[in-house]
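Notes to accompany the following structure.
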Amino acid sequence: MAKKYISKTRKILIAILSLIVIGLISFLFLLYGPYKNFREWLITTAMTTMNHQYLATIFYDGKTIDEVLKENYVKESGENTDSTQVIFNSYKSSTMFLNKYEKEILTKDKGNDLYKKINITGDGLRGYLVAIYDPSKVKIATSAYMGTKGQMLTTMAKNNNAVVAMNASGFIDPNYNSNGGVPLGAVIKDGKIINNKARSGGSGGIIGFNKENKLILSKMSVNDAIKNGIRDAIEFEPFLIVNGKPSFIKGNGGWGTAPRSAIAQRKDGIVLFLVMDGRDYAHGVSGADMVDLTEILLNYGAYNAANLDGGTSSGLVINNELVNKPVNGNGQNQTRAIPDAWIVTK
C-alpha cells in the first residue's frame, strides 16, 4: 500500500516538474526566440512605465533594449495646430452621416446636449470615448493641494462640479511611489501658469485650449502659450494627429501596450476624451498602443489629437462615478492620485 502511495506521489511530482520545465522553456522561447513580437511588447511596455522598467532590464541588456526602442517610435509631423481650420458647426436633424462613426458622434442622447459616451471594443481593446459638444465647457482642474499632494480623479470631479473628468498631466514620481502632487511639465489654468516644471529632455508640447475654445498642439514655451491666448493646458506627448495628419508610428510607437488616455478635437469643434483600459488579462484586455489610439481617434473624426498620461493614472469619471476599470501594477482595481484633470462642466 505504501509503495503504491509513493509511486502515485512520484508520478504527480514528475508531472508537476514536467509542466514547470515546459513552462520555463516556453517562457524563455518567448523572451529570446526568433519571434520579436513578445520581446517588443515587453520592452516597450515596461520601459514607458515609471515603476516596472525592471521587467525589461532583468531579461535584456541595454543594447537589446535600445535596438527595440529604435524600431518602435512616434515621429510627429512637426506642425503646430492651424486653428483657422477648426470651424464650429451646428448640425441639423437632416444631417447625412458619412459613416457609422459619424452617426455615433452626431446622434446625441435624448435630453443630453452636453456629451455622449461611446463604448470602444476590439481585439484586446476596451475603452470609452466621450464626445463633448461644447468645447467652452472643457477646462483644467487641479488638485486642491497642487504642488504638495495629488487627489483622486473622482475627488477632483466632485470638487469642481464636473459632469465628465479625465486624467491629464504626468507627474514627478521619485522611487515610483509619489503622491502625484507635482505635475511634470507646464500647467495653465484660466490663463495663468500654475506649474512650469520642465519635462526631462525638454520633450513634450503644449496641449490646451485657447480663448476661442480650439485645441492647440504646439511646441511653444509656456510663456508663449500665455501670449497666444491659451486658457487651459498641460504639457505631454506625443502628438498623434495635427491638422488632420497622423504622426508616423513605427511598430507600436515605443510606448508599449497599457491603459491609455488621449484628448482630441474634430474639425467641427467637438472635443473627444478617450480612455482605454488595460492589464485586465483575465478578460483579454491588454491595453492600447499609440497605433490603437490614433486609429480610434481618426475613425471618430479627430483633426488634432494628443496622448496623455496613461497606466494606472488613466481614468474616466462621469457624474461622479468611475466609468473605466483600472488595474494598477499590483493587480488592484484602482487609479492613483494625480495633479490635474480635464473636466467638463455644465
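Between N159 and K197, what length comes free when the chain is fully extended (0.36 nm per residue of separation minus the Cα-Cα distance, one decimal in nm)?
Values: separation 38, 0.36 × 38 = 13.68 nm, distance 2.47 nm.
Length gained, N159 through K197: 11.2 nm.
Starting from the amide H of A288, placed 1.01 Å from N in the peptide plane, find each other amide H under 5 Å away whose residue is 5 or more places distant or on another chain.
For A288, whose amide H was placed from the backbone, the distant partners under 5 Å are A258, R260.
Show which lysines lie in cross-link reach of K36 when reach means a straight Cα distance below 21 angstrom and same-chain residues fewer than eight apart are skipped.
K36 reaches K63, K70, K250.
Cut-off is 10 Å between beta-carbons; in what order do T81, T257 appear when sorted fewest neighbours first?
Working: T81 21, T257 25.
In order of increasing Cβ crowding within 10 Å: T81, T257.
Amide H neighbours of I216 under 5 Å, at least 5 residues apart or on other chains, H built in the peptide plane: list them.
G208, F209, N210
Helix by helix through the chain, keep the DSSP H runs that span 30 Å or more along the axis on Cα and average at least 0.0 on Kyte-Doolittle, and give those back in order. List each step's numbers first, then the result.
Numbers: long enough: 2-32 (44 Å, 1.46).
Qualifying helices, which must be both long enough and hydrophobic enough, are 2-32.
Per 0.36 nm of contour for each residue apart, how much would the distance between K267 and K227 grow if the chain were fully extended, relative to their Cα-Cα spacing? All intermediate terms of the calculation are to be shown ahead of the outcome.
Values: separation 40, 0.36 × 40 = 14.40 nm, distance 2.39 nm.
The span from K267 to K227 would gain 12.0 nm if fully extended.
Once the other residues with Cβ under 14 Å from the Cβ of V285 are scored (Lys, Arg +1; Asp, Glu -1), what is the net sum? Display every interim value, and only then the final one.
Details: positive: R126, R260, R279, K325; negative: D123, D277, D280, D289, D292.
Once all neighbours under 14 Å are counted, the net charge is -1.
What is the spin-label model distance, in nm, from N299 to S90 if the labels are put 7 Å beyond Cα along the C-beta direction?
3.1
In terms of modelled amide H atoms, which long-range or inter-chain residues lie less than 5 Å from the amide H of I194?
It is V187, I188, K189, by chain and number.
What would the Debye equation give as log₁₀ I(q)/I(0) for the chain at q = 0.09, 0.11, 0.12 Å⁻¹, counting only Cα atoms as equal point scatterers?
So the normalised log intensities are -0.50, -0.71, -0.84.
In square nanometres and to one decimal, what's the mean projected area of the convex hull around the Cα atoms of the stretch 189-346? Intermediate results must be reported in sequence, preceding the final value.
Numbers: hull surface 40.7 nm².
With the hull built on Cα positions only, its mean projection is 10.2 nm².
Rounded to whole Hz and in sequence order, give me ³J(HN,Hα) for the stretch 141-149 from the Karplus expression 6.51 cos²θ - 1.76 cosθ + 1.60, θ = phi - 60°, writing x for Gly and Pro.
Karplus-based 3J(HN,Hα) across the stretch 141-149 equals 10, 10, 4, 5, 10, 3, x, 10, 8 Hz.
Please report the net charge: other residues with Cβ closer than 14 Å to the Cβ of A157, K and R +1, D and E -1.
Working: positive: K137, K139, K158, K346; negative: E321, D340.
The answer is +2.
Mind giving me the nanometre distance, one decimal, between the label points for E79 and A282, set 7 Å out from Cα along Cα→Cβ?
Label-label distance for E79 and A282, simple model: 4.5 nm.
Where a number appears in this text, it was derived from the coordinates with a stated rule and is not lab data. Quantities reported herein were computed from a predicted structural model and do not represent experimental measurements. Positions of Cβ are generated from backbone atoms using ideal geometry, with glycine treated the same way; all protein chains shown enter the neighbour counts.
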